[in-house]
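**Q** Sharing a structure below in structure tokens format, with a few things to ask.
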Amino acid sequence: MGNYRLEIENMSKSFPGVKALDKVSLFVRPGTVHALIGENGAGKSTLMKCLFGLYQPDEGSIKINGRDVTIPDTNTALHQGISMIHQELNPIPYRNVVDNIWAGRFETNGIVVDEKAMREKTRKLLSGLDFQVDPLTLAKDLSVSQLQAVEIAKAISYDAGIIIMDEPTSSLTIAETEHLFKLIGNLKNEGRSIIYISHKLEEIFEIADAVTVMRDGKTVGSWDIQDISIDGLIHQMVGRDMKERFPPNENLAKDTVILKAENFTSADPHSFQSISFELFKGEILGIGGLVGAKRTELIEALFGLRKIASGRLEMNGVEIKNRTPCEAIGNGFALLTEERRATGIIPMLSVKDNMLVNAYKKYVKNFVGVIQPKKLTRPVEDMCRSLNVRMAGPEMLIRNLSGGNQQKVLVGRWLLADSNILILDEPTRGVDVGAKYEIYKIMRELVSQGNAIIMISSEMPELLGMSDRIMVMCEGRLTGILDGKTATQVDVMRLATKFSSKKEDSLEKDK
Ligand SMILES: Nc1ncnc2c1ncn2[C@@H]1O[C@H](COP(=O)(O)OP(=O)(O)OP(=O)(O)O)[C@@H](O)[C@H]1O
Ligand SMILES: [Mg+2]
């Protein structure tokens, strides 16, 4: 049939030890959003990298508008009208937003680059997308969600007919996601094709017209979105039925305060202020809020990564300071950061070493200080099995794992670290539904042993499904604490936007 914008047929690609793609086919119509889903390591990003000219497939054909093409490099891809929002952000840290978006294709006014015009163009592009990012900020000073915004703006700026979005909303919050969806609707109406990869299945039903499921490097099938349900999709992805998306909460008595924060106030006057809360033994305390709510800053301060101006911390009734991460770890704290590439994985080390960096002490033989390699391998293997980490083996370099599998290793690291207060910032970002459930199960297990968890989550189902209580923040202030059993999305959103009139003012000023 001649009515496809893109036809990929029988595409295969192997890496040492893995067949990442095994005769995959994908057909995308013009003017549609085509979702591509599958478990971590299923081959989604690899397929898209082959289409975008980053990898060379071992076999297979690509047709665009009915014509055979070969795509040896990304320039050819762009030339063919394909652009890509990458799953792993890769900004040039010491360049500003303008440079990061337009690198290599600057407008000149005769001989020199017309910086003012470029700046104006960038500002227009970003504000058209409703992203609040200053074009002159260096990439290294941007937050993860701002970096994602820049990446989206860049992909849009190519004016491509096929736009690949590999987990574009992983760091965006609800409002930003809504903006992006509006934009996707416009792109679609202009006749463009969007290939949309996401682990947030609710999103797929909101915006996709068709969906293709991959499993173990193969295509399982393609459907028009109205012909399949969310449970049907999960079944196709994981190859079995999943009755529940969250493990049961046994609701054990939670009456012992393990951590108490009083008037916690950042040294940065634009950050969080006067935050007071209690964390109970056996509890999962969720923190909800929009970007800019300063949730990450708050937990980083709890962990000794940021200075506070005032406030007091008590653990089991005794004052503690947590002036440095080292001190915090000594007090039994652990922190899983939200940006796995910048502050999480150690790319040149193996999966095993990445998982054990915080737990080596536990496995050192007493008195002599000798590490016993055998004892190290077992816990890593067990953890990888229970989290279903897809890899050739624990000695594999972590940077060669798929994005979601890297995240699982990081979660495993903290689960092995033996801490009492586990702080998780977006723990299941980019993790597939099956593995999410495994992570949730381990979280429940840890709190039932008398530990406590503080979890930042921007995924509403996760926040509502996992938290015993939900603490909501807006613009650096605590706006309310909800009971997880009864709270609804509307309750959380109301508290998360409590001061939003002020936000609109500042939006006006930016224009
Ligand atoms: N450069 C590489 N070297 C070795 N193996 C690789 C490389 N890139 C990908 N792989 C392997 O190919 C397989 C598919 O990975 P891919 O990144 O395509 O998965 P994915 O479906 O995008 O998963 P996720 O949802 O976690 O992003 C994985 O087993 C991965 O470890
Ligand atoms: Mg991927």
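Quick note: the coordinates plus some simple rules give every number you see, no bench work behind them. What you see is a predicted model, and the numbers here were worked out from it, not measured in a lab. Don't worry about glycine lacking a Cβ; one is built from the backbone with ideal geometry, like all the others, and counts go over all protein chains shown.
**Q** Sticking with the crude label model, points 7 Å out along Cα→Cβ, report the distance from Arg95 to Met242 in nm, one decimal please.
**A** Here the modelled spin labels are 3.8 nm apart.
**Q** What is region 387-498's relative contact order, in percent, from Cα pairs under 8 angstrom and six or more apart in sequence?
**A** Numbers: 118 pairs, mean separation 21.1, N = 112.
The value is 19 percent.
**Q** If you don't mind, there's one more thing I want to ask. So, in Å, what gap is there between the alpha-carbon centers of region 414-457 and region 223-255?
**A** One Cα centre to the other: 18 Å.
**Q** Sorted by packing (mean other beta-carbon atoms within 10 Å per residue), highest first, where do 236-248, 435-447, 378-390 land?
**A** My ranking of the peptides, most packed first, is 435-447, 378-390, 236-248.
**Q** Starting from one equal scatterer on each C-alpha and no solvent at all, send me the Debye-based log10 I(q)/I(0) for the chain at q = 0.06, 0.10 Å⁻¹, two decimals.
**A** So the normalised log intensities work out to -0.29, -0.84.
**Q** With each label point set 7 Å from Cα along the Cα-Cβ vector, what nm distance links Phe205 and Glu262?
**A** Rounded to a tenth, the inter-label distance reads 4.7 nm.
**Q** What 222 nm value per residue comes from the helices of the chain, counting each DSSP H run with n ≥ 4 as -39,500 (n - 2.57) and dividing by all residues, nearest 500 deg cm²/dmol? Numbers along the way, then the final one.
**A** Numbers: 18 runs with 174 residues, N = 511.
Rounded to the nearest 500, the figure is -10000 deg cm²/dmol.
**Q** Over 31 Å between C-alpha atoms is what I'm after, so list which of Lys19/Lys294; Lys188/Lys243; Lys121/Lys408; Lys408/Lys498; Lys124/Lys188 land there. Walk me through the intermediate numbers first.
**A** Working: Lys19/Lys294 42 Å; Lys188/Lys243 34 Å; Lys121/Lys408 39 Å; Lys408/Lys498 34 Å; Lys124/Lys188 21 Å.
Going by Cα-Cα distance, Lys19/Lys294; Lys188/Lys243; Lys121/Lys408; Lys408/Lys498 fall outside the 31 Å limit.
**Q** Suppose the chain between Thr486 and Arg385 were pulled fully straight at 0.36 nm per residue; how much longer would it get relative to their current alpha carbon spacing? Could the numbers behind the result be given before it?
**A** Numbers: separation 101, 0.36 × 101 = 36.36 nm, distance 3.43 nm.
Using 0.36 nm per residue and subtracting the Cα-Cα distance, I get 32.9 nm.
**Q** Give the long-range amide H neighbours of Ile287: residues separated by 5 or more places, or on another chain, with amide H under 5 Å away, using H modelled in the peptide plane at 1.01 Å from N.
**A** HN-HN under 5 Å from Ile287: Met455, Ile456, Ser457, Met471.
**Q** List the aspartates and glutamates whose alpha-carbon lies under 12 Å from that of Lys182, not counting same-chain residues fewer than 8 positions away?
**A** Within the straight-line limit of under 12 Å, Lys182 reaches these aspartates and glutamates: Asp130, Glu206.
**Q** While we're on this one: Roughly how tilted is helix 373-387, in degrees to the nearest 10 and between 0 and 90, from the longest Cα axis of the chain?
**A** For 373-387 against the chain, the angle is about 60 degrees.
**Q** Turning to a different aspect of this structure: Return one number: the angle in degrees, 0 to 90 and rounded to the nearest 10, between the long axis of the Cα atoms of helix 115-128 and the longest principal axis of the Cα atoms of the chain.
**A** Value to nearest ten degrees: 70.
**Q** Nearest 10 degrees is fine. How inclined is helix 174-189 to the longest principal axis of the chain, computing both from alpha carbons?
**A** Relative to the chain, helix 174-189 is tipped by roughly 10 degrees.
**Q** Find the relative contact order for the chain and round it to a whole percent, using C-alpha pairs within less than 8 Å whose residues are 6+ positions apart.
**A** Once divided by the residue count of the chain, the mean separation gives 15 percent.
**Q** Give the aspartates and glutamates whose C-alpha is closer than 15 Å to that of Lys13, dropping any in the same chain fewer than 8 places away, or say none.
**A** Asp22, Asp58, Glu59, Asp216
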